[in-house]
Structure formats: C-alpha cells, structure tokens
Amino acid sequence: MDNTLQETSHRPLRLGEALVARGLLRPEDLEWALGIQARTQEPLGQILLSRGLVRRYHLYCILAELWGIPFVDLLREPPDVNLLRQFPPEQMLARKLIPLRKLEKGLEIATARRPDPDVLEEARHLFGQSVAQIWATTEWDIQQILLRAFRREILTTATYSLYYRRPEESAHTVFTPGQFLVMATLLLGTLLALYTMPQATLIAINAAVNFFFLVGILFKFAVSMVGARYERELTVEEKEVRSLKDEELPRYTILVPVYREAEVIQTLLSNLSRLDYPKEKLEILLLLEEDDPATLEAAKAAHPPGNIYFIRIPKGIPKTKPKACNVGLFFASGDYVVIYDAEDQPEPDQLKKAVLAFRKGGEQLACVQAALNYFNARENFLTRMFTLEYSYWFDYMLPGLHRLGLPIPLGGTSNHFPTERLRMLGSWDPFNVTEDADLGIRAAVEGWEVRVIPSTTYEEANTQLWNWIRQRSRWIKGYMQTTLVHTRNPWRLVRRVGLWKATGFLLLVGGTPLTALSAPWMWAMFVWWVITQTRALDPFFPPPVLYISLFNLLFGNATAIYLNMLAGFKRGYYDLIPWALLTPVYWVLQSIAAYKALWQLFTRPFYWEKTRHGISQWLWRQRHA
C-alpha cells in the first residue's frame, strides 16, 4: 500500500473518499453507508466494518495515513510484554490504548482511536509517562494482545472471581461441612429409626413425601393460575418499537458461547444478521474454546462482518458455558449484554424491546428474560412435550412468579442485562451448571428484579432421547447446586429476601429435583398395588396419608396434564394439546435424568454435559431447501 494519499484541490481526503480512491470501497456503497451514518450518528468506519464492506486491516491502514501516523500489526510486531503487564488490562481495553516499548524520550504506544490531544492526555494519565511515538492499530489487535499477555489473570478472574469475592454464593464448594453434618444426621437417624420402629418410620417418610407433593402441586397450580390472568408484566407496544430512533439506541454486546458447533455456525450468523438493530451498534463476541479448531475454522469460513469478534477461551477447569461468558464479559464494551446459544433464532425486534423494557423498568431492574420456544416443535414426541413444557414455563409460570413477587430463575439464553449491573452481581458462577437460574436467584437476594418481555427466541428442541437426558440431567444437577448454595445459611436467606420469597425458591428450585427423585417410588407402590391387588401396603397408608396420596395421584396428574394443555392456547399450538395426555410418560424421563443428576452431583459436580445441536431434521430440511 502507498504511503501517501492524494488530496483534492480543496481539502484532504476523508475516510470514505480515501477508501474509494484505493479501490477498497465502491462509490455506491459509500453513499449507502453515509445515509446510515446520517441516521445513526455512528462513525463511518464502524458502519463499513459492521456491514462487511471493508476489511478491518485495510480500514485502519487508511485511517493511520489520514491521522498522519504509522500503522502496526501487533500480532506480527508484538509489544514488550513486561512493559504491558505493568498496567491494568481493563483500562487499556476500554481506552483502546496499549504501550509498545519504552524509549528514552517516553513511551511508544498504539491506539485504535484518532490520536487527538484528549487521547494523548488519557495515555499520559494511564501510563504515567509522556508519549514519544504513537502508532495506529485495530481494536481486534488490542483484544488479542491483551488476551495473550493477561491470559492467566483473565482465566483466573473468569473462573474464581465470584468464589473469591462471595464464596458463600459460589458452587465451587459442593457441600459445606454443615450440610454434610445435616445430611449425615438425617441419614443415620432414618436408618436408626427404620431399625427400631420400621413401620412408623415408613409411615412418616410416606406422609412427608406425599405432603411435599401436595404442597408442590398446589404451589405450581396457584402460580400458573396467577400467570394465566396476567400478560407479561413489562408490556412493550409495537408502536413504541417503531418509534425508536437509531441514534438514540445504546451499544449492545451479544455473547455467543459455542463449542463443537461447526455445523451450525453459518446458521447462527444468519440468525444474528436478522436482528433489527443498527449493526454498527452491535458487538458480537463468538466465544470459542481453544481445543475446538473445527468451530473456529467454520467461523472464519463464514467471513463474518467486522462487528463479530472471535474470543479464544483459554483452557482450564471447569470447561463450562458460564466461564466462557465471563471471559466474554471482560471484553464486552456495550451498554447492555445478552447471551444467545448457537442454535438460537431470536425475534428480530428483541433487542429493541429489551431497551424499552429497561427504560420502563426502573433502577431495580437487573435483567429481562425473553421467552424461549422451539422451531422444531412437531418433529417427534420429545419435541412436542418440550414445546408444551417451555410454553407453560414462560407464558404462565414466570409471569405468575413475578406477579407474586417470587424469585425468577433465568433460562439459559436470551437474558438481557445492563452490563455494569451484571458485573456488580458477580457475573456467572463457572461451577454451577445452571448458571442462569443461579444468577436469577442472586439478583433476587440483592433486591433486584427480573422480568419477562414479550419476545421469543426459538431454539432447537432435543430430538434424541439420550441427548435429552444429558441436557435435562445437567439442568436438574444445576438446580441441586443452586439449592445447596442458597440454603447454606437458611436464616440469612430469609433475612435478605423474606420468608415468602425463600419459600417460593425452595418449592420451585429445590422442589423440582426432589419431586423427580421421589416420584418413581410412589409410582412403584401404585403399580405394585394395581398388579397384586393385595392389602400389604395398607399399614403404611393410614387414612390421612391415603387421602393425600389419592389426591396427589388424581389431582396431581390431572393438574399437570391440564397445565400442559393450557400451554398450547396462548401460542395457538392447538395440535399439540392432545399430546399433553402423555405428560406422565414425560415425567418418567425426568426422573431418569434426575437420578443421573444426583449421581453426578457427588461424582462430577462441575462437569458440563454438552448438548448436541444441529441434529434436527427440520434444520436439515431448511439447509437443503
């Protein structure tokens, strides 16, 4: 590339003109980009990068010449690491400034910003020395150099930040000594009671399990009925979305953790490109594990635009989605941040609805959750039941929880946060395999609110049984972890959130695994009674226990079927409603997953069971249509 640019007869060339003069940009593309700039008030270079109209390297080479400074490729000419490590990486990243070398007259630095007097003053303040030489570089170069130079610190922070700051809120410790003592006491006490008075003990256990079932059934039914009466709390009208002006919208960071997802990368990028949000205000961070070169190559082959950045997640234990998101959060520069999974298809206006929701929600609003549902709902039995379950959860259960003032466990994707508030919360717990649910509870403990917005992200429902069990066992194990974390000091929990919220948390998050674990024993007793027609179980079912058991059997199953039927109405899934009759069969699968989760809680508590994506026949047909 030439070292100088020709000037017009009246003034120096501007960026767009310089790119056109070098043959790096078509005149019609420049005119189109200038129209976008007039509407959004964003820098022209960012518009060109985000639309894929120019390569980052070429853009910054031209900018360097226009700024009158040389350009440096930091990956080919890396800075002095010992010098670099003397300064805080967060501030260098935020200011897009990085020291290169120490000279006799001062520092040699690189920046991705126009080197005006304010930038030079920031550099002197940050580095504590005068600037002798300044170079231009790209923000991507700065990201990569900081990740290399501060690899250990970034990884340690992403993994242990919550544990170091708030150890009582981290799942790093699976069981505290107090919890071990309580469990051991209950176990030994139960065994001793069974030995000394077996019949009375079995009656007591039976009564306790049935009473718990009764309370759980009534709780979920009541919450769902409240949710059925109200729409989602944060109403956002379509006319409000249309009235938003691009120049008023904040910057948004999208975190996309991907692992072994090479087959869906192209679809993912296509889905994200459909978002109705100024692309120059979007920062999309693809979080790629270092031991997954196939996904990285697939992402490179897709030739994404310049607002998509690849962040390589350093290897380390545990290898979990929340740890990857924490690394991504370190690099996030948006005012808001949202998480999407590799197979997600968010509705195009979701980000705008989230912005409006935060404007309406007040200072206590920490997160808005979009509803989740499935694009392959009718593929087989599992996808139909999964769709009914999610429709019930997001359309009835979560609105009911919010209306009743109870904690809302977040879903694994489409959670929108003000970036700084998320950092104040301590971000995600890398040792909790349902980091989303845990984060929702932590927000409630801090006195902040979580609400649901009227937007849906469509995902790929599991179509294969073992894949479904792997995914569901991870979710149930995470609910177990979350329950253990937040009941380490029950009195502290009650003091901070109140008895009402603490009870709701225990019934929902703690009750879900317990229900799935105890249900098979109740089914076994019923099946045995039906087959044998004997009265051998009568001594263990005195009248009060018998009446509660019959109520649970009849009303409990009927309620579950009814709620799943109800789930089909709000979204017009009328053809799925008859499938709700098979809810008891679906429960059997839940229990299998629950026992797998319980085993892993003791043997592999932090193991993240990878869910395979891209296996749906619906997706295959879409790709080959």
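Points worth noting:
- Gyration tensor (alpha-carbon) shape descriptor, the range 303-419, a/c threshold 1.5: oblate
- Sites residue 557 and residue 120, calculated FRET efficiency, Cβ-Cβ separation with R0 60 Å, nearest 0.05: 0.25
- Violating pairs (Cα-Cα greater than 26 angstrom) within the set 102/323; 323/477; 321/477; 281/477; 102/281: 102/323; 281/477; 102/281
- Net +/- balance of residues flanking residue 260 in space, Cβ distance below 10 Å, scoring K and R +1, D and E -1: -3
- Exposure proxy order (Cβ contacts within 10 Å, fewest to most) of 526, 602, 417, 71: 602, 526, 71, 417
- Environment charge at residue 425 (Cβ cut-off 15 Å; Lys +1, Arg +1, Asp -1, Glu -1): -4
- Within the chain, antiparallel bridges make up roughly 30 percent of the DSSP beta bridges whose residues both belong there.
- Positive-end ranking of 93, 83, 110 along the dipole of the range 81-149, with charges on Cβ about the Cα centre, is headed by 83.
- Residue-averaged 222 nm ellipticity for the chain, from DSSP H runs of 4+ at -39500 (n - 2.57), nearest 500: -16500 deg cm²/dmol
- Normalised convex hull volume, the range 81-149, alpha-carbon set, Å³ per residue: 72 Å³
- The range 15-67 - convex hull of the alpha-carbon atoms, volume per residue in Å³: 68 Å³
- Debye equation applied to the C-alpha atoms of the range 527-592, log10 I(q)/I(0) at 0.26 Å⁻¹: -1.11
- Rh by Kirkwood over Cα pairs, then Stokes-Einstein D for the range 265-313 at 1.002 mPa s and 20 °C, µm²/s: 188 µm²/s
- Normalised size of the range 232-353, defined as Cα radius of gyration per 2.2 N^0.38 Å with N residues, equals 1.11.
- Centroid-to-centroid separation of the range 524-543 and the range 124-197 [C-alpha atoms, Å]: 50 Å
- Projecting the Cα atoms of 130, 351, 193 onto the charge dipole of the chain (Cβ charges, centred on the Cα centre) puts 193 farthest toward the positive pole.
- Cβ crowding within 10 Å averaged over residues, with 545-558, 357-370 ranked highest first: 357-370, 545-558
- Between residue 246 and residue 151, the modelled label-to-label distance comes to 4.0 nm, taking each label 7 Å out from Cα in the direction of the beta carbon.
- Alpha-carbon centroid distance for the pair the range 275-337 / the range 426-472, whole angstrom: 19 Å
Values quoted throughout were computed directly from the atomic coordinates according to the rules given, and no laboratory measurement underlies them. In this text, all values refer to a predicted model and were calculated from it rather than measured experimentally. Don't worry about glycine lacking a Cβ; one is built from the backbone with ideal geometry, like all the others, and counts go over all protein chains shown.
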